[in-house]
1. Do we have any residue at all in segment 204-212 that's within 16 Å of the ligand (Cβ to nearest atom), part of a helix (DSSP H, G or I) and crowded, with 23+ Cβ neighbours inside 10 Å?
2. Looking only at segment 213-229, count how many residues are in a loop (DSSP other than H, G, I, E, B) and touching a residue at least 40 places away in the same chain (Cβ under 8 Å).
3. Residue check: is E237 surrounded by fewer than 20 Cβ atoms within 10 Å (Cβ to Cβ) and not aliphatic (A, V, I, L, M)?
4. Considering only residues that are small (G, A, S), within 30 Å of the chain's Cα centre (by Cα) and at pLDDT below 90, which ones fall in segment 10-46?
5. If I go through segment 233-243 residue by residue, how many of them are over 13 Å from K137 (Cβ atoms), under 12 Å from the mean Cα position of the chain (by Cα) and either more than 13 Å from the ligand (Cβ to nearest atom) or in a helix (DSSP H, G or I) (or both)?
6. When only residues in segment 255-276 that are under 27 Å from the mean Cα position of the chain (by Cα) and among the small types (G, A, S) count, which is nearest to V104 (Cα to Cα)?
7. Are any residues in segment 122-170 crowded, with 20+ Cβ neighbours inside 10 Å and among the aromatic types (F, W, Y), and if so, which ones?
Amino acid sequence: MQAVLSFSPSNLKQVEAAYANHSVTAPNGAIFRAKVHGTTITGYRSGKVMFQGANIDHEVSRWQQQSDKSSTTNATRTGNHHHQTSSPLPTGFASWSVLGSDEVGTGSYFGPLTVAAVYVAQENLDAVKQLGIMDSKQLTDPEIIKMAKQLLTFLPYHVVNLMPAKYNQLMEHYHNQGQLKALCHNLALQKVLQKIQPAVPKAILIDQFVAPATYFRYLKGQPTIVRQTVHFQIKGEQAHLCVAAASVLARYVSLQTMDQLTEEAGITLPIGAGNAVDQIAAKLIHRGISLDRFAKLHFANTQKAETIAKQFN
Ligand code: MN
């Protein structure tokens with residue numbers, strides 16, 4: 001079998017880099033050649049990459065989305081539709097081996113921003129399904145904890161748990177929570193891709209929190225940007241179990257962290273950003289405890305709590 005995909009110069013460099021660990025001597029006229037899982041991949045200066053072997057589908061599908069874009073972007077830039085919403089996922093996506101990511105804590109004043117990435121290979125789909133993970137949004141805290149502990153035993157994952165102090169420090173620099181989220185997703189995905197090597201997911205699914213073009217703009221300048229086969233989907237947990245698993249894991253770590261911070265603060269830290277939160281934050285200020293270790297300071301709750309705290313005296 002043989003297939004040829006076309007890439008822009010920068011995407012071609014990414015293809016080459018992705019196979020750097022598997023490179024073999026390139027034939028005359030080619031700029032690189034690699035052999036991986038029985039597939040020979042040869043790249044040419046023209047931007048064409050040839051895939052040859054008995055079972056090339058896996059490697060070809062890994063690049064298809066990106067190559068389509070690179071070869072058609074200039075010709076089809078008539079509307080901005082592919083900057084807006086997520087494009088429909090390929091048929092059969094739910095049964096693919098997919099790496100997914102999701103986050104929790106972005107709307108909560110107290111506690112961390114937690115992003116989890118989880119890889120669910122095809123052979124693990126049934127086991128994940130049997131845990132009853134489908135409606136992860138409706139699970140109670142004890143159910144989340146029980147389920148997460150089970151998931152952790154057999155799924156490759158990585159969690160980026162951005163504690164408030166670090167979060168506040170980064171927000172001083174970026175002034176943009178969306179960008180912080182993007183950086184955390186990108187990092188979590190990278191870590192899992194490293195862990196599962198030489199396996200490669202057929203696709204990556206990010207629970208969409210911003211338009212895809214914006215997401216990648218946020219990542220500009222990062223040394224590594226996970227981009228190949230990345231899809232975005234609102235309510236991603238319904239599109240593939242890996243996002244449901246990531247959601248459960250992120251919630252689990254967030255819950256644990258909230259318990260830990262509650263213990264440190266000596267007072268129960270509520271989730272969310274409502275009045276109860278202002279009251280507790282005011283108590284902490286009154287006790288002379290710095291909110292930086294416990295809360296996301298750029299929220300309006302900080303000002304409100306300071307006003308309330310003044311009235312305590
Ligand atoms: Mn989400």
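The values are calculated or read from the model by the stated rules, or taken from the named source; none is laboratory data. Quick caveat: nothing in here was measured; it's all calculated off a predicted structure. Positions of Cβ are backbone-derived with ideal geometry, glycine not excepted, and every protein chain shown enters the neighbour counts.
1. No: segment 204-212 contains no residue that is within 16 Å of the ligand (Cβ to nearest atom), part of a helix (DSSP H, G or I) and crowded, with 23+ Cβ neighbours inside 10 Å.
2. Residues that pass the stated criteria total 4.
3. So E237 does not fit the description; no.
4. Residues satisfying the conditions are S10, A17, A18, A20, S23, G38.
5. Result for segment 233-243: 1.
6. If we take residues in segment 255-276 being under 27 Å from the mean Cα position of the chain (by Cα) and among the small types (G, A, S), then G272 is nearest to V104 (Cα to Cα).
7. Y157, Y167
Residues are listed down the side, and each one gets a yes or a no for (1) of a type in the set (S, T, N, Q); (2) part of a loop (DSSP other than H, G, I, E, B); (3) buried (at least 17 other Cβ atoms within 10 Å of the Cβ); (4) in contact with a Lys or Arg (Cβ under 7 Å, 6 or more places away or on another chain):
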| site | (1), (2), (3), (4) |
| --- | --- |
| H231 | no, no, yes, no |
| A246 | no, no, yes, no |
| R251 | no, no, yes, no |
| Q256 | yes, no, no, no |
| P270 | no, yes, yes, no |
| H298 | no, yes, no, no |
| E306 | no, no, no, no |
